[in-house]
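The values are calculated or read from the model by the stated rules, or taken from the named source; none is laboratory data. Keep in mind that what you see is a predicted model, and the values were worked out from it rather than measured. Note that we place each Cβ from the backbone using ideal geometry, even for glycine, and neighbour counts take in every protein chain shown. Note: areas computed on protein heavy atoms with side chains; ligands, DNA, RNA excluded. Shrake-Rupley method; radii C 1.70, N 1.55, O 1.52, S 1.80 Å.
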Amino acid sequence: PGGGGTESAGSRDAVVALVRSLTPEETMSRLDAAREYARGLPAASGTIAAIGFCWGGWASFAYAVAQPGLDAAVVYYGTSPGDTDAYAQINAAVLGLYGGDDARVNAMIPTAEGEMARLGKTYEPNIYEGAGHGFLRAQEDRDGANMMATEQAWPRTVEFLRQHTE
């Protein structure tokens, strides 16, 4: 609200409500604007990646569908496309990082894995046993499983981005 950051919404619940009010079209339009801005920066290399967490993980995967010029997408515990036709539109390499105890999100991994493989596209799902949804945000939870997931997922993220954007 008023051009401010998340603090201007007043509460976490208000922030969640604002995010949920965005249409997929508006989200993709905003990501396109961020992509164009980043491409114009003096340090830009010409390659672009998206990374997102939870809802942002969904947005990162959805952006790989919507933006053919995207080079890589990193999806932290976000859902993958439910429409199998969507996978044909993806040109980006996709890295998925998921908690083993996240049944809602993980239920969609086999479809993504099968469709991406069938189409000869790069999709690397990583499931961290015992870790939950949001493990990077809640590293101390789940008797060390979230920390173990974090210690494995973050270096893999950096390696994947270097591999697909340099």
> Whose amide H sits under 5 Å from the amide H of Tyr128, counting only residues 5 or more places off or on another chain, with H placed in the peptide plane?
Replying inline: Tyr98, Gly99, Gly100
> If contacts are Cα pairs under 8 angstrom and at least 6 residues apart, what is the relative contact order of the chain in percent?
Replying inline: 16 percent
> Hey, what D do you get for the stretch 125-165 in µm²/s if you plug the Kirkwood alpha-carbon radius into Stokes-Einstein at 25 °C and 0.890 mPa s?
Replying inline: 234 µm²/s
> For the stretch 42-104, with every protein chain kept in place, what is the accessible area per residue (1.4 Å probe, Å²)?
Replying inline: 37 Å²
> What are the residues whose amide H is under 5 Å from the amide H of Ala50, where those residues sit 5 or more places off or on another chain and H is modelled from the backbone?
Replying inline: Ala72, Ala73, Val74
> Distances over 15 Å make up what percent of all Cα-Cα pairs in the stretch 30-78?
Replying inline: 40 percent
> Which value results for Rg/Rh of the chain when Rg is the Cα radius of gyration and Rh the Kirkwood radius based on the inverse mean 1/r?
Replying inline: 0.97
> Measuring from a point 7 Å past the Cα of Asp141 along Cα-to-C-beta, which residues in the stretch 27-59 have an amide N at less than 15 Å?
Replying inline: 53-55
> Over all Cα pairs of the stretch 1-61, how is the pair count split among 10 Å bins, expressed in % and running from 0 up to the last occupied bin?
Replying inline: 19, 43, 31, 7
